[in-house]
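One structure is given here, and the rest of the page talks about it.
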Amino acid sequence: MGACCSDGVPKGNQTDQMASKAIEKEMRRAEANQPYEHRIILLGPGDSGKTTVLKQMRKIHGPKNKQNGNENEAIDAGFATIVRERIMNYMKILCTQSIKLGVDVEEKNNELRHFFASELSAPFGNHCNVENCEKIKTLWNDEGIKQTLKRRREYQIPDNVEYFMDERLDDIASNEYIVTFKDFLRIRMRTTGFMSEVFKKSINGAEHQFMFTDVGGQRSERGKWMTMMHDDIDAVLYVVAISEFDLFCFEDQKTPRLDEALKLFETILTNGFCNGKTVTLFFNKYDLFEQKLKDPTAKTIADIYPDDFPKDRDPRNCDHVVQYIYDKFLALYKEAEPASENNPHHHRTTALDTEQIELLMQDIEGDLIRARLIHVGF
């Protein structure tokens, strides 16, 4: 007969049961130590500010910043070359466009304009020195160049030009130039494909892991991420540059950027990105939006959509315009997700404002945690 234990269970079986219980205990312990994962994808057309949001998340959660509090030490020194390249190119664009638009500069500045428009050659960063930055200062103070910038809706130029020209030229021209976090936030870097950042937070004694994925918003980049697995996403953060309602797309210089943002939103809805997900709209660059509405010379949204903007609303009232734009996104969402009980939240954001982004992200992270607890039965 086989040997038995005092409880009547064969020793061999008892050993197997003990091993099984030990394995189960170890699995529960390992599972308990694993952080809860929350996956957020940043979507939106090009130049909307998605990458700026991700840069802010790196600052807020990045370990390098926590070590010594110096926000500039976490920035790759190679960005100095990129900044210098952009500065020279911005003035080249302004000078070239002033000629195309027939905008005169002061006669004494014609030679300088010709240099930037016709003689400056790539790589532009190699020409960024004290002498040429002084030339840029002279041209920047020329009323003709100022008028050319005001007509920016007729061509393509980033919205960070004033910051670098007004505040950073002397430092950038210096051999000792170090890219500040403000420079890093404002410099335009086109996202190709997609990139992810993972941040961990301890909340009420539990570890949570947040993965933010930023994708290229230009038309040429969308095919690279449009086929991503939707089930792997917990939340969609859709970023729209609300200040650019009067500008045209980089790709064709004829499609209004708001139309492009709405069309892309409709496409991701059709492809199922938002099905069963937390959806948040960031109406970004709100500071520039407010400035534009206060400028009596700037076109209003009623000028861009004369047959659609309600006659009983003021096109220079921020609340009225925001509601008009939100209603357009909401209509698309309801048509695509009729069974959804939760409409997308929308926030007026300035992605350059670290404190604001941190507070908004805390709210979004809280929503994700609550949704996860509900999902597991709490």
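The values are calculated or read from the model by the stated rules, or taken from the named source; none is laboratory data. Worth saying up front: this structure is predicted, and the values here are computed from it rather than measured. Cβ atoms come from the backbone with ideal geometry, glycine included; neighbour counts cover every protein chain shown. What goes into the accessible areas is simple: the full protein's heavy atoms, side chains included, and nothing from ligands, DNA or RNA. Shrake-Rupley method; radii C 1.70, N 1.55, O 1.52, S 1.80 Å.
Restricting attention to region 99-114, the residues that are surrounded by 15 or more Cβ atoms within 10 Å (Cβ to Cβ) and either assigned to a helix (DSSP H, G or I) or of a type in the set (Lys, Arg) (or both) add up to 4. Within region 176-200, the residues that satisfy the criterion of being within 30 Å of Thr297 (Cα to Cα), under 14 Å from the mean Cα position of the chain (by Cα) and crowded, with 17+ Cβ neighbours inside 10 Å are Leu185, Arg186, Ile187. Residues in region 242-271 that are within 17 Å of Asp327 (Cα to Cα) and touching a Pro at 6+ places or on another chain (Cβ under 8 Å): Phe245, Arg257, Glu260, Ala261, Leu264.
So, Ala331, is that one modelled with pLDDT of 95 or more, open to solvent by 50 Å² or more (accessible area, probe 1.4 Å) and closer than 21 Å to Glu244 by Cα or not? It is true that Ala331 is modelled with pLDDT of 95 or more, open to solvent by 50 Å² or more (accessible area, probe 1.4 Å) and closer than 21 Å to Glu244 by Cα. Against the condition touching a residue at least 12 places away in the same chain (Cβ under 8 Å), part of a loop (DSSP other than H, G, I, E, B) and of a type outside the set (Gly, Ala, Ser), how does Leu293 come out, does it pass? Answer is no for this residue. The one condition from (1) part of a helix (DSSP H, G or I); (2) at pLDDT below 85 that Glu37 does not meet is (1). Condition (residue is modelled with pLDDT under 95, open to solvent by less than 40 Å² (accessible area, probe 1.4 Å) and either touching a strand residue (DSSP E or B) at 6+ places or on another chain (Cβ under 6 Å) or assigned to a helix (DSSP H, G or I) (or both)) applied to region 128-141: is it met by at least one residue? Yes, region 128-141 contains at least one residue that is modelled with pLDDT under 95, open to solvent by less than 40 Å² (accessible area, probe 1.4 Å) and either touching a strand residue (DSSP E or B) at 6+ places or on another chain (Cβ under 6 Å) or assigned to a helix (DSSP H, G or I) (or both). Looking only at region 142-175, residues that are basic (Lys, Arg), open to solvent by 60 Å² or more (accessible area, probe 1.4 Å) and out of contact with any Phe, Trp or Tyr (no Cβ under 9 Å at 6 or more places or on another chain) come to 2 in all. Taken across region 160-174, residues that are at pLDDT below 95 and not in a helix (DSSP H, G or I) do occur, with at least one present.
Looking at region 270-284, which of its residues are in a loop (DSSP other than H, G, I, E, B), touching an Asp or Glu at 6+ places or on another chain (Cβ under 7 Å) and crowded, with 20+ Cβ neighbours inside 10 Å? Write out each step before concluding.
The first filter runs over region 270-284 and keeps only residues in a loop (DSSP other than H, G, I, E, B), leaving 271-277.
From what is left, the residues that are touching an Asp or Glu at 6+ places or on another chain (Cβ under 7 Å) are 274-275, 277.
Within region 270-284, Cys274, Lys277 meet the criteria.
Of all the listed residues (Asp314, Asp303, Asp252), the sole one being at pLDDT 95 or above and part of a loop (DSSP other than H, G, I, E, B) is Asp314.
Residue by residue through region 291-322, note down the ones that are surrounded by 15 or more Cβ atoms within 10 Å (Cβ to Cβ) and of a type in the set (S, T, N, Q). Within region 291-322, just Thr300 meets the criteria. In the condition set (1) in contact (Cβ under 8 Å) with a residue 24 or more places away in the chain; (2) surrounded by fewer than 17 Cβ atoms within 10 Å (Cβ to Cβ); (3) over 24 Å from the mean Cα position of the chain (by Cα), Glu119 is compliant with all but (1). Take the residues of region 75-98 that are modelled with pLDDT under 85 and more than 26 Å from Phe282 (Cα to Cα): which is most open to solvent (accessible area, probe 1.4 Å)? The selected residue is Asp76.
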